[in-house]
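Asker: Encoded as structure tokens, here's the structure I'll be asking about.
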């Protein structure tokens, strides 16, 4: 065929419309949402800190310095704090025994401790967030615990996304028997108590991070599967799907090339709100003692340890609790912002 | 019109006694019931009829795009029965050798994919072109379809195109694999009147240049008169009359065709005559009574019309009708 270009029949086209890809539009709307942008920044900071934890100048999270147990958060070196805490304790002891001052043995102990503080470099450590009952750095444990918690949130979400999208699309697109089988499985799994199932799985296969991932992911794709199935069912009769079929596209191509991008908005919002759920679930399990095993920490296990001593050493509870709360808040705000940004109903608004 | 030369050409698509029935809660719907026609190389065939007369279902049945299997009939494409082909073989033909343009350009492009992605899909699937070659071909097709600045526009999203432009994209996409047949299912119904003529002109121009045969589905006799070599008038899932366009317009045989022509204003007549509508409504396709489906609206209906469907009566080369008014041809 001769490529003879026709003269364009239309008048010169108008200047390019604003925006472009639906994703670019959504991104624009998200950035205009202040809460969501701030949340995004917070999440980015968390990601940076937890992922970069090995590079940060913090003490190893599992290293115990028993002499430094239960030190409060402070900017001063650990030795000073330790000495202070010990002398205050001995003074209280003397007062309780109605003695005028410390006896010789106690003086000697404080003296040797002061010498050690001057000579041993370990006592020059700083613990910005204090230490736990085994003398481990709370800041380091918080960072590494965040790593585990966020990882569980992400991996769990990704796994349930993959399972939910694939199974939901297949059920929704093909319908019939396949749909029936998949959805009845979903119904049955829905009927089982979620936490009980996870607890049984953890008890059966032992406590490890991998088992925790598997147990959480196995249960969590159900809702997403239903959501995706509904979306695909409503989209599969759209004319552009028919057009793709008339172009000779097969079912695989139609599902994953044409339908999934159209459902991705809902999926993204849903997944963002799912990350906090995973973190909460893991924390709950850790709180019950079924989560990660020591010396590995997660926010949940840190909170559990801190809660036991919260009247004596409140920083051991406050640190992880605040870190976790701020992260969950940010995730939820981001999810809300994403829903607003990706909702086709709000698309008409500027 | 490419005219007489095409009429004598070889038949590339032969639809024989096509039946597409749907089982619904209300009963059996015979959307297409015994449709036959031939399409020759380079010919433009019009399928005309009211809404619900089975035009679109006929088109979808040809490509096997209806959900239920055909109730009967054959679709011979170069002698190969498409309705009995395995799915994968049929997919290889769709879009490559028989392409389709849909009615509503606003919804037939995927809003989440760039135009380039959608245009290159068929080329990558069928022509085994690399990304670069496919992109080049897509841009060339867009230019042919009269889209200015195609190199830039191709990377935009459908919502950045107007309705007419989108239909141009659809046409460019459908023709990009150089198909032998283009099925255009009311390609202009959703567009402004001013754009309609441009789009029809574009389809005509491109298909003639590429030697593509066209099945043009429309409810507008005016569109058919201007573009088609021959036409089939459909009523209630059957073909009432078929023939070369000029012949049918000059000498309509079937009362339905006559009614249709009387109900359309014409510019080439001296005195402004009154337009005569066809009385009544098309019958429901659910459990259609026996006989000619048009008898309830036909002013020349006879007793036999209510009892049996008439056979074909031939009135000239390629011109035939199904009506009891004319003697049945042997």
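The values are calculated or read from the model by the stated rules, or taken from the named source; none is laboratory data. Quick caveat: nothing in here was measured; it's all calculated off a predicted structure. Heads up, the Cβs are rebuilt from the backbone with ideal geometry, glycines too, and the neighbour counts pull from every protein chain shown.
Asker: I'm checking my understanding of the structure. Among residues of the stretch A:261-280 that are farther than 15 Å from residue A:221 by Cβ and in contact (Cβ under 8 Å) with a residue 60 or more places away in the chain, which one is nearest to the other protein chains (Cβ to nearest Cβ)?
Answerer: Among those that are farther than 15 Å from residue A:221 by Cβ and in contact (Cβ under 8 Å) with a residue 60 or more places away in the chain, it is A:265.
Asker: Let me ask you something else. State the number of residues belonging to the stretch B:40-61 that are within 24 Å of residue B:24 (Cα to Cα) and either out of contact with any helix residue (DSSP H, G or I) (no Cβ under 7 Å at 6 or more places or on another chain) or free of Cβ contacts under 8 Å to residues at least 40 places away in the same chain (or both).
Answerer: The number of residues fulfilling the criteria is 12.
Asker: OK, next. At pLDDT 85 or above and within 16 Å of the chain's Cα centre (by Cα): is that true of residue B:30 in this structure?
Answerer: Taking the combined requirement at face value, the residue does not satisfy it.
Asker: Identify, by number, the condition in (1) more than 14 Å from chain B (Cβ to nearest Cβ); (2) assigned to a helix (DSSP H, G or I); (3) closer than 30 Å to residue A:147 by Cα that residue A:23 doesn't meet.
Answerer: (1)
Asker: Among B:310, B:282, which is touching a helix residue (DSSP H, G or I) at 6+ places or on another chain (Cβ under 9 Å), modelled with pLDDT under 85, surrounded by 15 or more Cβ atoms within 10 Å (Cβ to Cβ) and in a loop (DSSP other than H, G, I, E, B)?
Answerer: The unique qualifying residue is B:282.
Asker: Conditions first: (1) more than 8 Å from chain A (Cβ to nearest Cβ); (2) within 29 Å of residue A:261 (Cα to Cα); (3) without any contact (Cβ under 8 Å) to a residue 40 or more places away in the chain. Residue B:200 passes all but one, so which condition is the exception?
Answerer: All conditions pass for residue B:200, except number (2).
Asker: Let me ask another. How many of the residues making up the stretch B:1-22 are surrounded by fewer than 21 Cβ atoms within 10 Å (Cβ to Cβ) and modelled with pLDDT of 85 or more?
Answerer: Matching residues across the stretch B:1-22 total 9.
Asker: Taking residue A:245, is it part of a helix (DSSP H, G or I), within 12 Å of chain B (Cβ to nearest Cβ) and surrounded by fewer than 19 Cβ atoms within 10 Å (Cβ to Cβ)?
Answerer: no
Asker: Got a sec? Which of A:91, A:98, A:53, A:26 is over 19 Å from residue A:134 (Cα atoms) and modelled with pLDDT of 85 or more?
Answerer: It is A:91.
Asker: Could you tell me whether any residue of the stretch B:226-246 is farther than 26 Å from residue B:310 by Cα, surrounded by 23 or more Cβ atoms within 10 Å (Cβ to Cβ), touching a strand residue (DSSP E or B) at 6+ places or on another chain (Cβ under 8 Å) and in contact (Cβ under 8 Å) with a residue 12 or more places away in the chain?
Answerer: yes
Asker: Further question on the same structure: Which members of the stretch B:281-296 meet the condition of being without any contact (Cβ under 8 Å) to a residue 60 or more places away in the chain and more than 16 Å from residue B:51 (Cα to Cα)?
Answerer: Once the filter is applied, which keeps residues that are without any contact (Cβ under 8 Å) to a residue 60 or more places away in the chain and more than 16 Å from residue B:51 (Cα to Cα), the stretch B:281-296 yields B:289, B:290, B:291, B:292, B:295, B:296.
Asker: Any idea which of A:312, A:302, A:264 is surrounded by 16 or more Cβ atoms within 10 Å (Cβ to Cβ) and either modelled with pLDDT under 85 or outside any helix (DSSP H, G or I) (or both)?
Answerer: Only one candidate qualifies: A:264.
Asker: Another one. Can you confirm whether residue B:36 is assigned to a helix (DSSP H, G or I), in contact with a strand residue (DSSP E or B) (Cβ under 8 Å, 6 or more places away or on another chain) and closer than 28 Å to residue B:311 by Cβ?
Answerer: no
Asker: Is it the case that some residue within the stretch A:199-207 is within 26 Å of residue A:320 (Cβ to Cβ), in contact with a helix residue (DSSP H, G or I) (Cβ under 8 Å, 6 or more places away or on another chain) and touching a residue at least 40 places away in the same chain (Cβ under 8 Å)?
Answerer: yes
Asker: Follow-up. Looking only at the stretch A:315-329, decide whether some residue is out of contact with any helix residue (DSSP H, G or I) (no Cβ under 8 Å at 6 or more places or on another chain), modelled with pLDDT of 85 or more and away from every other protein chain (no Cβ under 13 Å).
Answerer: For the stretch A:315-329, residues out of contact with any helix residue (DSSP H, G or I) (no Cβ under 8 Å at 6 or more places or on another chain), modelled with pLDDT of 85 or more and away from every other protein chain (no Cβ under 13 Å): present.
Asker: I would also like to ask the following. If residue A:282 meets every condition in (1) at pLDDT 85 or above; (2) surrounded by 17 or more Cβ atoms within 10 Å (Cβ to Cβ); (3) under 13 Å from the mean Cα position of the chain (by Cα) apart from one, which number is that one?
Answerer: Status for residue A:282: all satisfied but (1).
Asker: Here is a further query. Taking the stretch B:90-105 on its own, how many of its residues are more than 8 Å from chain A (Cβ to nearest Cβ) and in a helix (DSSP H, G or I)?
Answerer: Number of matching residues: 1.
Asker: Listed residues A:209, A:214, A:227; which is surrounded by fewer than 21 Cβ atoms within 10 Å (Cβ to Cβ), more than 9 Å from chain B (Cβ to nearest Cβ) and under 24 Å from residue B:113 (Cβ atoms)?
Answerer: Answer to the check: A:227.
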